[in-house]
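Student: Let me begin by handing over the structure; questions about it come next.
The values are calculated or read from the model by the stated rules, or taken from the named source; none is laboratory data. Not measured: the values here are computed from a predicted model. Because the Cβ atoms are built from the backbone with ideal geometry, glycine has one as well, and the counts that use them run over all protein chains shown. Surface accessibility is based on the protein's heavy atoms, side chains included, excluding ligands, DNA and RNA. Shrake-Rupley method; radii C 1.70, N 1.55, O 1.52, S 1.80 Å.
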Amino acid sequence: MSQTDAPSGKFAAEDPFSLARAWLAEAGASELNDPNAIALATVSPEGLPNVRMVLLKDIEDDAFVFYTNYESVKAGEIIATGKAAFVMHWKSLRRQVRVRGLVEKEEGPAADAYYASRSLPSRLGAWASKQSRPLKSRGALMAEVAKVTALKGPNPPRPPFWGGFRIRPVEIEFWADGAHRLHDRFRWTRADPSATEWEITRLNP
């Protein structure tokens, strides 16, 4: 790990993933709703950016994980480029974390376990929703939910078109509000997602 101005206080950590987990835990005590919400950015084939809110479900030792329908627009854009970015912002803490990296699917035991942990209506909803595609009416969606409920029963398996994405970052930036807009920013970068060495740089506000 190389650095110029060593992070201290709220920025101090052995690695960026433990720091992100610590900040998220703090936010869980003060943020009113969904402290794990992230604004996920992808890019269309035409190069037009797309962003939407999703829920981050795990911060692993080397990656960030969320789950979605693989047939959705965001999934299609991620699969096409293999890249994504997101920001977590906590108004209560006046902090944010920005992440950019390469993406891979999570279709194994972790995806199965997370799907099984969801409420039954949510599991059935994952089967019923043709995410991002046109919908005739709310009634049509609920009819599909009823149909899936009758077909799949009380213990539906994880749909083959639904699973996780693991973002392996090459850049993570931690930002904290400062007086007079003189904010504190530390950027962690590495050559590629498999590298273990990070370079830490303090940035101007």
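Student: Select from V43, Q96, M142 the residue farthest towards the positive end of the dipole of the range 2-161; place +1 on Cβ of Lys and Arg, -1 on Cβ of Asp and Glu, and compute about the Cα centre.
Tutor: The residue sitting farthest along the positive end of the dipole is M142.
Student: Starting at the first residue of the range 156-172, write each ³J(HN,Hα) from the Karplus equation 6.51 cos²θ - 1.76 cosθ + 1.60 with θ = phi - 60°, in whole Hz, x for Gly and Pro.
Tutor: Here the 3J(HN,Hα) series is x, x, 5, x, x, 9, 10, x, x, 10, 10, 8, 9, x, 10, 8, 9 Hz.
Student: At 1.4 Å probe size, put M142, M88, M53 in order of accessible surface, largest to smallest.
Tutor: The ranking, largest first, comes out as M53, M142, M88.
Student: Roughly speaking, to the nearest percent, how much of the range 1-109's 1.4 Å accessible area is carbon and sulfur?
Tutor: Ligands and nucleic acids excluded, carbon and sulfur give 52 percent.
Student: Please sort by residue number the GluC sites (Glu not before Pro) in the range 26-85 whose DSSP state is loop and whose Cβ has at most 15 other Cβ atoms within 10 Å.
Tutor: Answer by residue number: E46, E60, E71.
Student: Mind checking the range 22-120 for trypsin sites (Lys or Arg not before Pro) that DSSP puts in a loop (not H, G, I, E or B) and that have at most 16 other Cβ atoms within 10 Å?
Tutor: Sparse-neighbourhood loop trypsin sites (Lys or Arg not before Pro): K91, R94, R118.
Student: At 222 nm, what helix-only mean residue ellipticity would the chain give, in deg cm²/dmol to the nearest 500, using -39500 (n - 2.57) for each DSSP H run of four or more?
Tutor: After summing the helix terms and dividing by the residues of the chain, the value is -8500 deg cm²/dmol.
Student: With the chain treated as a Gaussian network of Cα nodes joined by springs under 10 Å, which of G108, G125, G47 yields the largest mean-square fluctuation?
Tutor: G47
Student: Still on this model: From the square roots a ≥ b ≥ c of the eigenvalues of the alpha-carbon gyration tensor of the range 1-52, which class results: rounded (a/c under 1.5), prolate (a/b over b/c), or oblate?
Tutor: Oblate, because a/c is 1.5 or more while a/b does not exceed b/c.
Student: Place a +1 charge on the Cβ of each Lys and Arg in the chain and a -1 charge on the Cβ of each Asp and Glu, then give the dipole magnitude about the Cα centre in debye, rounded to the nearest 20.
Tutor: 1000
Student: Taking the range 58-205, how many lysine pairs are there with alpha carbons less than 23 Å apart, if each pair must be eight or more places apart or span two chains?
Tutor: Close lysine pairs found across the range 58-205: 9.
Student: Calculate, for the range 74-205, the solvent-accessible area per residue in square angstrom, rolling a 1.4 angstrom probe over the heavy atoms of the protein chains.
Tutor: That works out to 56 Å² for each residue.
Student: I'd like the Karplus ³J(HN,Hα) series for the range 121-128: coefficients 6.51, -1.76, 1.60, θ = phi - 60°, whole numbers in Hz, and an x wherever there's a Gly or Pro.
Tutor: For the range 121-128, the Karplus curve yields x, 5, 5, 5, x, 4, 6, 6 Hz.
Student: Restricting to Cα pairs below 8 Å that are 6+ residues apart, what does the relative contact order work out to for the range 74-198? Please round to a whole percent.
Tutor: 30
Student: Mind checking which of G76, W188, L19 is farthest towards the positive end of the chain's charge dipole, using Cβ charges of +1 (Lys, Arg) and -1 (Asp, Glu) about the Cα centre?
Tutor: Result: G76.
Student: To the nearest 20 debye, what charge dipole does the range 15-94 have about its Cα centre, counting +1 at the Cβ of each Lys and Arg and -1 at the Cβ of each Asp and Glu?
Tutor: 280
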